[in-house]
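**Student:** This is the structure I have questions about; it appears just below.
The values are calculated or read from the model by the stated rules, or taken from the named source; none is laboratory data. Predicted model, so just to flag it, every value in this text is computed and none were measured. No Cβ is skipped: glycine too gets one built from the backbone with ideal geometry, and neighbour counts run over all protein chains shown.
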Amino acid sequence: MGSSEEYFEDDYDYKDSMPCDLNSNHKLEIEIETYIYSLICAFGVLGNIMVIVTYAFYKKAKSMTDVYLINVAIADLMFVIALPLIIYNENHHWHMGTVACKLLRATYSINLYSSMLLLACISGDRYMAVVQARRSFGIRSRTLVSSWLICLAIWLLALILSTPTVIYNQRYEEQNLDGEMIVECNFKFDHNDTDTARLMKVLVPSTQVSVGFFLPLLIMSFCYSSILATLLRAKNFQRHKAVRVVLAVVVVFVICHLPYNVALLYHTVGLFKQRQCEAEKMTLVAITVSRSVAYLHCCLNPILYAFIGVKFRSHFQKILIDLWCHGKKYINTSRFSRQTSDLYIPPPPCKLAEESSEKQSFTM
């Protein structure tokens, strides 16, 4: 769900009564999005499944950050799984109907709010672990249950904030200036319900920008700046290496989400003003491109928050070793079943990686 979905052509004030075809680049945008979304889906599914598998079979959640990471992976996986359905419907005129339109748009909205607020929670937990280490040690060791309750509250808040997306998104057809029928899955209101239309056109993108970006950014900026100050005062080499991780987390977050939210905010502010046709087209193209960049964060979250840690990488290596061992075992068993000679001796079984009992958590 982007600003192009929140745009409504009847708000545009046509200069000199000349119509403006905002759908002229529709096919090109869908084609570009198809390739980008396919890459995001492939890498996002792989990375987030690895995070979930690691926590399910190799590493128990022992800290609040671990719980938040599991929920971030679930939120991102839910969205990237929905991407192929979005691609299919974009290319096939939303063949799956209005129900799919509502659910798929809501999937991104839920992912946006839940994952962004969970990332803010991770930064808060890291702040307590590093900056307030002595005060928070006893508290954080006894609050694993409360972290699940916080995650539940975030999911419920994400559902509530996504309610307008479910209610007002519809599949509908409209005709462009060339006489071609274009099927859209966007917000749609009755012509007589102008008050609700104006409210939702401002409320939905404003909430998305404020709660889905600026609030998490404010929390992360405070927490990670305090963490950086603490780490830079430490003489431990490992902690100085952690500075690069903190910087990477913040920089990637800003690069992925700032352009899209700035474009969305700019478009929302100018909704009820007269705009030039070409300038409006450029704004919508900028929103489309920046939205695709924002989607990339679903692929980068596993790398930044999980695999960049040494301890988590060791678990990932164990997964690869175990998959290799199970694969060899299956191949050797199949080969042995086809042998007719009693002289065939199967190779010795591969030793699976043993799970480490060391207490491990998110490594910065």
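**Student:** Look at A73 and say whether it is modelled with pLDDT of 70 or more and in a helix (DSSP H, G or I).
**Tutor:** When the stated conditions are applied, A73 passes them.
**Student:** Tell me which residues, restricted to the stretch 251-261, are touching a residue at least 12 places away in the same chain (Cβ under 8 Å) and β-branched (V, I, T).
**Tutor:** Listed by number, the residues that qualify are V252, V254, I255.
**Student:** Being of a type in the set (S, T, N, Q) and more than 20 Å from S292 (Cβ to Cβ) is the filter here, so list the residues in the stretch 115-135 that pass it.
**Tutor:** S123, Q132
**Student:** For V269, work out the one condition from (1) within 27 Å of A129 (Cα to Cα); (2) free of Cβ contacts under 8 Å to residues at least 12 places away in the same chain it doesn't fulfil.
**Tutor:** V269 satisfies all of (1) within 27 Å of A129 (Cα to Cα); (2) free of Cβ contacts under 8 Å to residues at least 12 places away in the same chain except (1).
**Student:** All but one of (1) surrounded by fewer than 19 Cβ atoms within 10 Å (Cβ to Cβ); (2) among the aromatic types (F, W, Y); (3) in contact with a Ser or Thr (Cβ under 7 Å, 6 or more places away or on another chain) hold for Y88; state the number of the condition that does not hold.
**Tutor:** (3) is the only condition that Y88 fails.
**Student:** May I pose another question? Pairs please, first residue from the stretch 192-205 and under 12 Å from F272 (Cα atoms), second anywhere and of a type in the set (D, E, K, R) and surrounded by 15 or more Cβ atoms within 10 Å (Cβ to Cβ), Cβ atoms under 8 Å, 6+ apart in sequence or on different chains.
**Tutor:** Partner pairs satisfying both residue conditions: K201/E6.
**Student:** Here is a list: M18, M78, M64. Which entry is out of contact with any Asp or Glu (no Cβ under 8 Å at 6 or more places or on another chain), at pLDDT below 90 and of a type in the set (A, V, I, L, M, F, W, C)?
**Tutor:** Selected residue: M18, the only one of M18, M78, M64 that is out of contact with any Asp or Glu (no Cβ under 8 Å at 6 or more places or on another chain), at pLDDT below 90 and of a type in the set (A, V, I, L, M, F, W, C).
**Student:** While we're here: Surrounded by 19 or more Cβ atoms within 10 Å (Cβ to Cβ), touching a residue at least 24 places away in the same chain (Cβ under 8 Å) and among the β-branched types (V, I, T): which single residue out of T54, T34 fits that description?
**Tutor:** Within the list T54, T34, the selection yields T54.
**Student:** I would also like to ask the following. Going through Q175, Q208 one at a time, which residue ends up being within 20 Å of C20 (Cα to Cα) and polar (S, T, N, Q)?
**Tutor:** From the options Q175, Q208, the qualifying one is Q175.
**Student:** Which of the residues that make up the stretch 181-198 are assigned to a helix (DSSP H, G or I), surrounded by 13 or more Cβ atoms within 10 Å (Cβ to Cβ) and of a type outside the set (G, A, S)?
**Tutor:** T196, R198
**Student:** While we're looking at this one, here's another question. More than 14 Å from the chain's Cα centre (by Cα), within 22 Å of A153 (Cβ to Cβ), buried (at least 19 other Cβ atoms within 10 Å of the Cβ) and at pLDDT 90 or above: which single residue out of C101, C121 fits that description?
**Tutor:** Residue meeting the stated conditions: C121.
**Student:** Quick one: is D178 of a type in the set (D, E), part of a helix (DSSP H, G or I) and modelled with pLDDT under 95?
**Tutor:** Against the criterion (of a type in the set (D, E), part of a helix (DSSP H, G or I) and modelled with pLDDT under 95), D178 does not qualify.
**Student:** Residues that are buried (at least 20 other Cβ atoms within 10 Å of the Cβ) and in a helix (DSSP H, G or I): does the stretch 152-159 have at least one?
**Tutor:** yes
**Student:** Might you let me know whether the stretch 132-145 holds any residue that is touching a helix residue (DSSP H, G or I) at 6+ places or on another chain (Cβ under 7 Å), modelled with pLDDT of 90 or more, of a type outside the set (S, T, Y) and surrounded by fewer than 22 Cβ atoms within 10 Å (Cβ to Cβ)?
**Tutor:** Taking every residue of the stretch 132-145 in turn, none turns out to be touching a helix residue (DSSP H, G or I) at 6+ places or on another chain (Cβ under 7 Å), modelled with pLDDT of 90 or more, of a type outside the set (S, T, Y) and surrounded by fewer than 22 Cβ atoms within 10 Å (Cβ to Cβ).
**Student:** Here's another thing I want to ask about it. Which of the residues that make up the stretch 85-130 are not in a helix (DSSP H, G or I) and not hydrophobic (A, V, I, L, M, F, W, C)?
**Tutor:** Passing the criteria: H92, H93, H95.
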